[in-house]
Amino acid sequence: MITKKIIIYSLFLILSVTSLVHAASDDGTTYANLGNGMKLVLKENHSSPMITSVVFVNAGARYENEKTNGMTHFLEHLLFNGTSTRDRIELNETIKEHGGYINAFTRKDLTAYLVLMPKEYIDTGLAIQADQLFNSALPEDEFPKEKKIVIEEIRKSNDVPSTLADYYFNEVVFEGTPYARTVLGTAEHISSLTRADVIEYYKKYYIPNNMTALIIGDFETERMIETFDRYFGHYEKGKMPKIDLVNFMIPDGRRIEETAIDTKNFHVDLALPAPHYTDPDYYPYYMLVEYLGSGESSPLTKHIEDKGLASSIYSSLETQRDFSMLRISATTDSEKNARAVIWEVEKILSNPEFLTPSYDAFRGMIVSKKTQEIYLREKLHYYGFIIAPMMVSTGYEFVETLVDSLENVEQAEMAEVASKYFSDIKYVGTLVKPAEFEEDEVLSAGITETKKVTFDNGLEVIIKQSPDSRVLAVNIFGKNRAAMEPPGKDGITDFLNRMLEKGTENYDKETLSEKLANIGAQLTVTDNPYIPYDDRYTSKQYAFVKFETIDEYASEGLELLSEMMIRPALDSAEVENVRREMMAALGMASASTYQTARNSFYEMMFGPNHAFSKVPLGTQRSIATISADNLKAYHKRFYAPNNMIMTVCTNLEAEWVLSRLQKTFGQMQQVSLGKIEIPAPDTPTGIVKSNTPMDKEQVYIYLGAPTIGINHPDYAALDVATEILSSRLGLELREVQGLAYSVGAGLSTAPDFGWFLVTMGTGTDNYQVAYDGIMAEIDKIRDAAVSEDELRRAINSIWGSSLTRQLSRINQAYYMTFYEFMGPGYDYKDEYIEKVKGVTIDDVLRAARTYLPSEDYYLATVGLR
């Protein structure tokens, strides 16, 4: 929807920008074309002093063949190995040393390259991004190393049962099309790739007229177009690659293909026909898919998950350039239930009554889509990741107007579309089984200000008011999580958190879900166990509850949050549903080398009776024993007001928010908690080892030792030393030797102590070399001073990571709560960064020699060494 054309905007631009035309839409998005055909989409966002540039290349598995499968992703890796003017280290570390972030990802239809920079360094970021895309050297001596890294990534992927189930689904459903191929390819494919093949592919697809850049952040559009043209505009356009139409249709009938893999669960996936995004039916169909999997009140949840037939089930609408497809996926615990899931899906889709939402549920879905878009836009780098597939398939204007188009959908249109597509149900699906199994009135704030108060009942409340965003974000910590769990009830905190959204004393689950949807609320009570390594926020020290809505719904949102926190229903039927959900998550965790190594490490370091040796999710034995009465008793203690810290980030006046919280949370009764002490772990004498055999393609390594915590005066110096070590490990063991897809060092902290960690996944045949390499790098940083360049890069990397983590209001609230809990205070972030910036080379050497282990440490490994 273009409202004006800007032909001439300054004499300077006429002279310097070749054939550049751009236009602005009503929502402030500007679309521009450089003279070489490169497309720009620009969106100003001044809430944070950061700018992200995401360049999408029309290259992916769709454009490969059987011989070259995996080449696009392999090329993505190679583009981080240096250009004709910058070596690998300069390419990657220059971004970090300026506080930025650089990354890339490959999908079946696209490859995306991202830089996120503080606005004062965006020129540096764009110069490197353009150089990377158009001038990569693809050095032949890097090929063996990168092949090893990608093969390690393939191995890691092949160790995840849900990924293998997804691969099988794509092979069956997309047979005969490019979408049947994986993005990663196979180890055999990667091993056989030649430099000549890769260069040919690179020159064919990496041309400016085959690229689109999405630029979001704190900039002035006219100046950014000029800047972008300076770095990208002089590269010549090329001959556009031919894009063959993908003819994909779901045939008549209902077909299920089956296979068996190394998994503990049963995976059901169904593919059903859906309208193309240009079809008027697309929007009501989209709403239908949203309703099918819209949460606690959705048909799939009510008729399948709540009946205990599946531990999880969801629906998604896959929108590609040439076709659309409805996918319904479920995870369950038996073949009987898997087949019952398929039968129930058929029953739901063929019954109009099940597919007709109430008016409130219908409007709630619209509000949810609108508010989710607002939340997502705060996270500049994630926004590009999330919208990438649809944007490349449909164009940005379609994505930008999607919510407005959905808002015009009528309930009757949903019914018509359901009748049209599901009157004669047809699908292709897969059933993946275990290889061996047994059957069974609001005021806005104009200034930035932060207040901290403690209510009479002991609740600590921190409120940051600022006019930079419409989001109202609330983060709550329940303190001393593992220490407060009763004996034999490990995981009860996680259980309780999952129960918070299952209904309250005043609202049943469906009503609560609708009310949350009606205000576009986003509630997060656990990390996602279905995303590998998504446990950034999970801690043995506290439990978190994150709640987001927008300021216009603040009153309703705070009332609903208080309902869930103060008066959860905790009824027996929902307890059983959550128990099944947790058992499934525990089953997945038991197959993970990463999680098994982590659990083994903590049990060794803290000892079997220490709170921190507990697994946050619990064990299958402990979860099996938890009752509704246990949860009710635990809720009164764990979420007592004097055991909570609450942080609110909002555009509203702090006094107004405080008055609302006082009427709800302020009326809670304080309880006697007693003194809770968390003893520091003992430093071992020598190397304490543990190995858990597991028949996987990788060995996972957890190596570490106790050290100082965040309140120690040397912590900033140790943090910088650890950042330098982590960078060296990545450079030497990943980039040079190709031993791992991921390797790194880090610090974890409690208020009074901390611990140092190195983690790495590597092939079974690489274990000894990897272990020796880790110890060599630790010894090196203890024995010799670091360079000025390394110090600067590490400091700016910590600074940039801090900025990136706190782009969104909800993460700002989380980290303010974190610092308050740890002891330095909610406003410690900026003070800590200043401490980091003051670290010297001598400080790093002293911290490394004093606190990094060389002879006394714990070593946990999982796999066949």
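Each value in this text was obtained by applying a stated rule to the coordinates, not by laboratory testing. These numbers come from a predicted model, not from an experiment. Cβ: placed from backbone, ideal geometry, glycine included. Neighbour counts: every protein chain shown.
Miscellaneous remarks
- Selection from Val671, Thr401, Val367 lying farthest towards where the dipole of the chain points positive, charges on Cβ: Val671
- Over every Cα atom in the range 449-667, the radius of gyration and the widest Cα-Cα span, Dmax, amount to 17.7, 50 Å.
- A cut-off of 5 Å between modelled amide H atoms, ignoring neighbours fewer than 5 places along the same chain, links Gly754 with Thr707, Ile708, Gly709.
- Spin-label pair Ala624-Thr186: with each label point 7 Å from Cα along the Cα-Cβ axis, the two points sit 4.0 nm from one another.
- Rounded to the nearest whole angstrom, the semi-axes of the ellipsoid equivalent to the range 231-361, taken from the Cα gyration tensor as √(5λ), stand at 33, 21, 15, largest first.
- Percent RCO, i.e. relative contact order, over the range 2-232, from Cα pairs under 8 Å lying at least 6 residues apart: 31 percent
- Under 5 Å, built H, 5+ apart or other chain: amide partners of Arg254: Tyr427
- Hits among lysines - C-alpha to C-alpha of Lys780 under 28 Å, sequence gap 8 or more where chains match: Lys96, Lys145, Lys147, Lys148, Lys689, Lys835, Lys837
- Efficiency of FRET between Ser572 and His234 - r from beta-carbon atoms, R0 56 angstrom, step 0.05: 0.25
- Among Glu552, Glu152, Glu831, the order by Cβ neighbours within 10 angstrom, fewest to most, reads Glu831, Glu552, Glu152.
- The separation of the range 536-551 from the range 807-857, counted between C-alpha centres, amounts to 20 Å.
- With all projection directions averaged, the alpha carbon convex hull of the range 717-801 covers 6.3 nm².
- Dipole axis of the range 449-667 (+1 Lys, Arg; -1 Asp, Glu on Cβ), positive-most option in Pro486, Ile645, Ala521: Pro486
- Each Lys or Arg adds one and each Asp or Glu takes one away; over the other residues whose Cβ falls under 14 Å from the Cβ of Asp682, this sums to -2.
- Vicinal HN-Hα couplings computed from phi for the range 563-570 (Karplus, 6.51 cos²θ - 1.76 cosθ + 1.60; Hz; Gly/Pro x): 4, 5, 6, 9, 10, x, 5, 6
- A Förster distance of 60 Å, applied to the separation of the beta-carbon atoms of Gln662 and Glu318, puts the FRET efficiency at 0.80.
- Placed amide H near Met211: partners under 5 Å, 5+ positions off or other chain: Lys39
- Electrostatic tally near Ala196: other residues with Cβ closer than 14 Å to its Cβ, Lys and Arg +1, Asp and Glu -1, net +1.
- Among the listed pairs Lys264/Lys307; Lys479/Lys675; Lys464/Lys502; Lys502/Lys632; Lys156/Lys546, those beyond 22 Å (Cα-Cα): Lys464/Lys502; Lys156/Lys546
- Calculated on C-alpha atoms, the gyration radius of the range 300-419 divided by its Kirkwood radius gives an Rg/Rh of 1.00.
- Charged-residue dipole, Cβ positions (Lys, Arg, Asp, Glu), the chain about Cα centre, Debye nearest 20: 500 debye
- Size of charge dipole - the range 449-667 - debye, nearest 20, with Cβ of Lys, Arg +1 and Asp, Glu -1, no other charges: 780 debye
- Cα-based Rg of the chain normalised by 2.2 N^0.38 Å, two decimals: 0.94
- Working from label points 7 Å from Cα in the Cα-to-Cβ sense, the Thr538 to Lys336 distance is 3.0 nm.
- Legend: translational diffusion of the range 687-862 by Stokes-Einstein, Rh = Kirkwood radius over C-alpha pairs, 10 °C, 1.306 mPa s; D = 93 µm²/s.
- DSSP bridge analysis restricted to the chain gives an antiparallel fraction near 80%, rounded to the nearest 5.
- Computed packing ranks the peptides 213-222, 450-459 as 213-222, 450-459, most packed first, by mean other Cβ atoms within 10 Å.
- Share of pairwise Cα separations in the range 744-842, more than 18 Å, in percent: 63 percent
- For the pair the range 271-316 and the range 94-169, the centres of their Cα atoms are 33 angstrom apart.
- In nm, spacing of pseudo-spin labels at Asn609 and Lys780 (7 Å Cα→C-beta vector): 4.3 nm
- The range 449-667, relative contact order in percent, only Cα pairs under 8 angstrom and at least six apart counted: 41 percent
- Farthest toward the positive end of the dipole of the range 687-862, out of Ser787, Val688, Ile710, is the Cα of Ile710, where the dipole comes from beta carbon charges about the Cα centre.
- What separates the Cα centres of the range 327-388 and the range 615-651 is a distance of 27 Å.
- Scalar couplings 3J(HN,Hα) for the range 208-225, obtained by applying the Karplus form with A = 6.51, B = -1.76, C = 1.60 to θ = phi - 60°, are x, 6, 10, 10, 10, 10, 10, 10, 10, x, 8, 8, 9, 4, 4, 5, 5, 4 Hz; x denotes Gly and Pro.
- Overall Cα dimensions of the range 27-172 - principal axes, largest extent first, Å: 45, 40, 31
- J(HN,Hα) series, the range 365-373, from Karplus relation 6.51 cos²θ - 1.76 cosθ + 1.60, nearest Hz, glycine and proline x: 5, 5, 4, 4, 4, 5, 6, 4, 5
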